[in-house]
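Data block below; observations after.
The values are calculated or read from the model by the stated rules, or taken from the named source; none is laboratory data. Since this is a predicted model, take the numbers as computed values, not measurements. Here the Cβ is made from the backbone with ideal geometry for all residues, glycine too, and neighbour counts use every protein chain on show. Please note that ligands, DNA and RNA were not included when accessible areas were found on the heavy atoms of the full protein model with its side chains. Shrake-Rupley method; radii C 1.70, N 1.55, O 1.52, S 1.80 Å.
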Amino acid sequence: MKVAVIMGSISDMPIMQEAIDILNGFDIEIEVDIVSAHRTPEKLFDFSKNAHLRGISVIIAGAGGAAHLPGMVASMSPLPVIGVPIKSSNSIDGWDSVLSILQMPGGVPVATVALNGAKNAGILAAQIIGTQDKCVLDKIVFYKEGLKESVNKSSDNLKK
């Protein structure tokens, strides 16, 4: 099973790297590319319609500004799409990106994470893969246990 991590521009890469790092940590195969909804619409159509034929199981799509990429991909792909709104240089404090990805019409769902929340997008993609891959699921259980231990350690240190 493979996850595609796409973004509208190379300037989105520092944010999207967090999803890539998480997926690499879970040993999930990834494909990374730039697919602009506005500047490369033919590439967007080809990617969206054929990702499932190339073995992709989940798509993470990050975009800033008008942020049409995740929704357009979801409109043409049978795969689950996780949208990452990105606060970009042309963004209205990130709200335009959040609302563009979040407010999808009925029938075209996009799972949307927080502004610049690519790390959570990677975790969610891994959890989706984990429903069919026990090895990935076991790694997620271990990861979540580590989160719990980290909070407990911080709590203990605070009380000292």
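The figures follow:
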item	result
Expected-Rg normalisation [2.2 N^0.38 Å, Cα atoms] applied to the chain	1.08
Sum of side-chain charges, Asp156 neighbourhood, beta-carbon under 15 Å (Lys, Arg +1; Asp, Glu -1)	+3
Choice from Ile15, Ile56, Ile92 with maximal GNM fluctuation in the chain (Cα, 10 Å cutoff)	Ile92
Centroid-to-centroid separation of the stretch 1-52 and the stretch 83-160 [C-alpha atoms, Å]	16 Å
Whole-Hz ³J(HN,Hα) from phi, Karplus 6.51 cos²θ - 1.76 cosθ + 1.60, for the stretch 23-31, glycine and proline x	4, 4, x, 8, 6, 9, 5, 10, 10
For Val5, distant residues with modelled amide H under 5 Å away	Glu31, Val32, Asp33, Ile60
Cross-link partners of Lys159 among lysines (Cα-Cα below 24 Å; sequence separation of 8 or more within a chain)	Lys144, Lys148
Cα gyration tensor shape of the stretch 23-74, rounded if a/c is under 1.5, else prolate or oblate by comparing a/b with b/c	oblate
Other-chain or far-sequence residues with amide H under 5 Å of Ala37's (modelled H)	Leu69
Rounded, prolate or oblate (a/c below 1.5 giving rounded, otherwise prolate when a/b exceeds b/c) for the stretch 69-154 by Cα gyration tensor	oblate
Within the accessible area of the chain (1.4 Å probe), percent carbon and sulfur	58 percent
Most fluctuating residue given options Val81, Val113, Val141, as computed from a GNM of the chain linking Cα atoms under 10 Å	Val141
Sequence of Lys144, Lys2 from largest to smallest accessible area, 1.4 Å probe	Lys144, Lys2
Label point distance in nm, Lys144-Lys43, each placed 7 Å from Cα along Cα→Cβ	3.7 nm
Surface accessible to a 1.4 Å probe, per residue, for the residues of the chain, Å²	53 Å²
